[in-house]
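One structure below.
The values are calculated or read from the model by the stated rules, or taken from the named source; none is laboratory data. Because the structure is a prediction, the values reported are computed rather than measured. Neighbour counts run over all protein chains shown; Cβ positions are idealised from the backbone, glycine included. Side chains are part of the model used for accessible areas, which takes the heavy atoms of the whole protein and leaves out ligands, DNA and RNA. Shrake-Rupley method; radii C 1.70, N 1.55, O 1.52, S 1.80 Å.
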Amino acid sequence: MSCEAAAAAVVAAVLAAPATLGAGRLVCVDGPSGAGKTTLAAALDRGFRDALRPGGRSQVLHLDNVYEGWDGLAAGMATVAASVVAPLRAGAPGRYRRFDWHAMAWAEERTLPPCDVLVLEGVGAWSSAIRDAVTCLVWVETPPALRLERGVARDGEALRPRLLAWRAQEEAMYAAERTREHADVVVDGQTGTVRK
């Protein structure tokens, strides 16, 4: 997926908007697993780094680092709202403990200092709990069969049942939050083009 044009449009819109996260801005890149969120978040980060004034700072938090394994979606979203977004809105550093998927255990605590732009990337990046802090919600979508194919290619055939169980979690969460309906921008995860 080539998403540089989509990323450039989001970067321009976000930097033209008022601050929502303390003195910074918050971009949520959300959508189902395997949709292409990580690729888009990397392009956004490059775009923000190029566009920010000298000394400006962009950072990306991949929510896979916050979820406690395959059943940690809801708890991870709550952690992001309370321990990352709330402190950053108040001008203080955010904090979270990184989950090590290989060891299936919590690892070190990490600190996110206030910055010009924070990109939250992952399933559940946006939630109604942080709505007022979000500058832009970018929804990335790709057909379900391709998403599963990407997930299996990334994680291995043995994890197909886990990926399907995760899909059920995310579908329930998206139905409850109505995330796509709140999107400011919708990106096609196959082509990288903006649909909305």
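How about segment 91-101: which of its residues are in contact with a strand residue (DSSP E or B) (Cβ under 7 Å, 6 or more places away or on another chain), over 23 Å from R154 (Cα atoms) and open to solvent by 20 Å² or more (accessible area, probe 1.4 Å)? Within segment 91-101, P93, R95, R97 qualify. The set of residues in segment 166-184 that are surrounded by fewer than 13 Cβ atoms within 10 Å (Cβ to Cβ) and either polar (S, T, N, Q) or in contact with a Pro (Cβ under 9 Å, 6 or more places away or on another chain) (or both) contains only E171.
Among the candidates L44, L40, L15, L21, the residue that is hydrophobic (A, V, I, L, M, F, W, C), within 25 Å of A90 (Cα to Cα), at pLDDT 95 or above and within 12 Å of the chain's Cα centre (by Cα) is uniquely L44.
Okay, residues lined up against (1) open to solvent by 20 Å² or more (accessible area, probe 1.4 Å); (2) among the aromatic types (F, W, Y):
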{"site": "R49", "(1), (2)": "yes, no"}
{"site": "Q59", "(1), (2)": "no, no"}
{"site": "L63", "(1), (2)": "no, no"}
{"site": "Y67", "(1), (2)": "no, yes"}
{"site": "G72", "(1), (2)": "no, no"}
{"site": "S83", "(1), (2)": "yes, no"}
{"site": "A86", "(1), (2)": "yes, no"}
{"site": "R89", "(1), (2)": "yes, no"}
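Candidates in segment 28-44 are the residues that are closer than 24 Å to A172 by Cβ and among the polar types (S, T, N, Q); of these, the one that is surrounded by the fewest Cβ atoms within 10 Å (Cβ to Cβ) is T38.
Scanning segment 134-165 for residues that are buried (at least 21 other Cβ atoms within 10 Å of the Cβ) and in contact with a Lys or Arg (Cβ under 7 Å, 6 or more places away or on another chain) yields T135, W139, V140. Kindly indicate whether any position in segment 17-27 is surrounded by fewer than 24 Cβ atoms within 10 Å (Cβ to Cβ), assigned to a helix (DSSP H, G or I) and in contact (Cβ under 8 Å) with a residue 24 or more places away in the chain. Within segment 17-27, none of the residues are surrounded by fewer than 24 Cβ atoms within 10 Å (Cβ to Cβ), assigned to a helix (DSSP H, G or I) and in contact (Cβ under 8 Å) with a residue 24 or more places away in the chain. Quick check on segment 58-77. Is at least one of its residues free of Cβ contacts under 8 Å to residues at least 12 places away in the same chain and either on the phi < 0 side of the Ramachandran plot or not acidic (D, E) (or both)? There is at least one residue in segment 58-77 that is free of Cβ contacts under 8 Å to residues at least 12 places away in the same chain and either on the phi < 0 side of the Ramachandran plot or not acidic (D, E) (or both). Hey, could you check segment 113-160 for residues that are of a type in the set (S, T, Y) and touching a residue at least 60 places away in the same chain (Cβ under 8 Å) and say which is nearest to A92 (Cα to Cα)? This residue is T135.
Every test in (1) without any contact (Cβ under 8 Å) to a residue 40 or more places away in the chain; (2) within 22 Å of D184 (Cα to Cα); (3) of a type outside the set (S, T, Y) is passed by H102 save one, and that test is (2).
Scanning segment 185-196 for residues that are over 27 Å from W101 (Cα atoms) and either open to solvent by less than 70 Å² (accessible area, probe 1.4 Å) or β-branched (V, I, T) (or both) yields a total of 8.
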